[in-house]
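The values are calculated or read from the model by the stated rules, or taken from the named source; none is laboratory data. Computed from a predicted model, the values in this text were never measured in an experiment. No Cβ is skipped: glycine too gets one built from the backbone with ideal geometry, and neighbour counts run over all protein chains shown. Quick note on the areas: whole protein, heavy atoms, side chains included, nothing else; ligands and nucleic acids left out. Shrake-Rupley method; radii C 1.70, N 1.55, O 1.52, S 1.80 Å.
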Amino acid sequence: ERKDSGSGVHLELSGAGKAMAGGSSGATRSKNSDVDEAELPTEIKELIKRIREIREQLAEKQAELREVMTDDQLRPDVRKMKASVLQSEIMSLTSAFMLTSRKFTQVLQELKLDSEQALVAGQLLMA
């Protein structure tokens, strides 16, 4: 991607640079457009998207659990029940995260990506 500053200086970002910078700007961008735009095999892209989705769901459930645990308006038995349900959901999501992460690592090794692609994949995974 090329950006002109008007001063005669321009900047060209590699795929890795775009991933680190968050890709192009725009309010209509999907949250995974950086993954879609990357030059990576489709299977890797789908795994990155799934891992991001699971991470997001985990964060939401953990926040819900914190809210339940600090809600003084709930009766203790109701708090315990809600916390138990949320803890089960968190355990399931954690298991899904671990399995998907393991699959991601396995596919990376099987596809033998070049160093640039492996770097981009790792950066997108951490974004």
*Give the residue, chosen from 93, 58, 108, that is open to solvent by less than 50 Å² (accessible area, probe 1.4 Å) and touching a residue at least 60 places away in the same chain (Cβ under 8 Å).*
108
*If you go through the range 62-72, how many residues are in a helix (DSSP H, G or I) and either open to solvent by 50 Å² or more (accessible area, probe 1.4 Å) or polar (S, T, N, Q) (or both)?*
6
*Which of the residues that make up the range 112-122 are out of contact with any Gly (no Cβ under 6 Å at 6 or more places or on another chain) and closer than 16 Å to residue 38 by Cα?*
113, 114, 115, 116, 117, 118, 119, 121, 122
*Hits in the range 1-59 - residues which are in a helix (DSSP H, G or I) and at pLDDT below 50*: none
*Could you tell me whether the range 37-55 includes any residue that is small (Gly, Ala, Ser), without any contact (Cβ under 8 Å) to a residue 60 or more places away in the chain and open to solvent by less than 70 Å² (accessible area, probe 1.4 Å)?*
no
